[in-house]
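The values are calculated or read from the model by the stated rules, or taken from the named source; none is laboratory data. For clarity, every value in this text was computed on a predicted model and none was experimentally measured. Here the Cβ positions follow ideal geometry from the backbone for every residue, glycine too, while neighbour counts run over all protein chains shown. The accessibility values were calculated without ligands, DNA or RNA, using every heavy atom of the protein model including side chains. Shrake-Rupley method; radii C 1.70, N 1.55, O 1.52, S 1.80 Å.
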Amino acid sequence: TWNHEHIALLGKCLTTDLQGGYEIARHLADYVLIWAGGGGDDLAKSPHLARIANSVYRDHCPQGDPTCRAFGFVDRQGTASPMMQRSLLYQLHGHQIRPDVSVSEDLFTLAYQSKYGKVRIYKIQNVDRNSKEWVQRPENRVCDVPGSWFCPGQYPPGLSTILGGKQDFAQLEDFNKGTNDEQYQKDYFDALNDPHKARNQALQRERAAARLKEKQDNEQRKRTLNKIKTTDMEQQEANNKPRRRSSSSGGEAAASNNNNNKQEDVVINPDGSVSSSAINTPSDNQDDDASHIPTSTDPSSIEAVYNSWRDTEQTTALWTLISSNHVEELTEWFSIEPLVAFSRSQDGRGPMWWAYEMKRQEIIAVLKEMGVPEQDVDANGNTPASLVK
């Protein structure tokens, strides 16, 4: 490492949440090496990395927690705090070892593991090519003199947003810098003098932050799922508009046909439950819309949905329900719109892939009963079963 700020960036990468750490790592390297296996491994040392990260990136740990007590072990049995459990280091350390930890291969793939698991090396997926090419150009190296072997380097522009949030660390004896970090130093040593109090306060803040995030996630989920409902309702209303008829009898026949085609429309609630309300569905003589999922389950309709790979509100809702293991709600949705079970996102994955990846056995059984294939591959050549670790 170059200096304190470089250590802080690496500490932030390793001790922030998995997605945030990945977004830093893909600008810095091709691989991540983890020392695991217990004892004084990287996870045991990681609370110190979190503190160093917070000394430069002051928003890394919860506000008012300068010693980063929110990140660490909460008991003598080695139970990780919520902040530690979310971290990139914890996730890579426990991948395929802890029953509740599985890292997506879209982010990292395990490239090497030593015989007893002490060394684990992960390949970073989708490394930023612009950053990699930038650091390889000689003109972007920072050397003490031209041609020198001592070239500490500099960061690629892709990290400018992250680096914009740093505050270079100042030692207590750095009197000549002209900056005042007195409050941070005071809070830091107050926390050191009463670590028990600092730890309890940090965990309280962490729980409050988790509740706030859960609330925000639920609100976002509600907006997304309600958008599905609104889109479907608008589509139904457009399809149910009566055509211009030459006689009143034709209009009456159309109205009668619409009344005979009422069914229950699924509404996915923010808690993942499903409620329903009667709406008019399009009759056979109404205009079709290519953006609406067909209602027929004949082989040609199934093939049309299954071979259409795109990210939609429907696939977002499916992933959310499968992730939350809402079996009854999914079953009810499928009973009304069976072709939804055959939806696939832009990467070629669909409900069967997600159910296998998240080990949702009941949902897998439901999908099998509906005839959803389990031997096909996604855009990366993965079958659903291959995602089980």
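Of the trypsin sites (Lys or Arg not before Pro) found in region 297-350, the ones in coil according to DSSP and having at most 12 other Cβ atoms within 10 Å of their Cβ are ARG310. Distances between placed amide hydrogens fall under 5 Å for ALA111 paired with ILE121, TYR122, LYS123, all partners being 5 or more residues away or on another chain.
Any idea what diffusion coefficient region 41-173 gets from Stokes-Einstein, in µm²/s, Kirkwood Rh on alpha carbon pairs, 4 °C, 1.567 mPa s? Could the numbers behind the result be given before it?
Details: Rh = 17.9 Å.
This corresponds to a translational diffusion coefficient of 72 µm²/s.
Distance between the C-alpha centres of region 108-130 and region 298-332: 32 Å, rounded to the whole angstrom. Report, to the nearest whole %, how much of the accessible area of region 6-165 belongs to carbon and sulfur atoms, 1.4 Å probe, protein only. Answer for region 6-165: carbon and sulfur cover 53 percent of the accessible area.
Under 19 Å from a label point set 7 Å out along the Cα-to-Cβ vector of GLN220, the amide N atoms of region 318-362 belong to 318-325, 346. How big, in percent, is the set of alpha carbon pairs in region 340-383 lying more than 17 Å apart? Percentage above 17 Å: 21.
3J(HN,Hα) along region 341-349: 5, 9, 5, 9, 7, 5, 7, x, 8 Hz, from the Karplus curve 6.51 cos²θ - 1.76 cosθ + 1.60 with θ = phi - 60°, whole Hz, x for Gly and Pro.
Alpha-carbon geometry of region 1-103: the Rg and the Dmax are 12.9, 37 Å, given in that order. In this structure region 1-147 gives 51 Å² per residue of accessible area when probed at 1.4 Å with all protein chains present.
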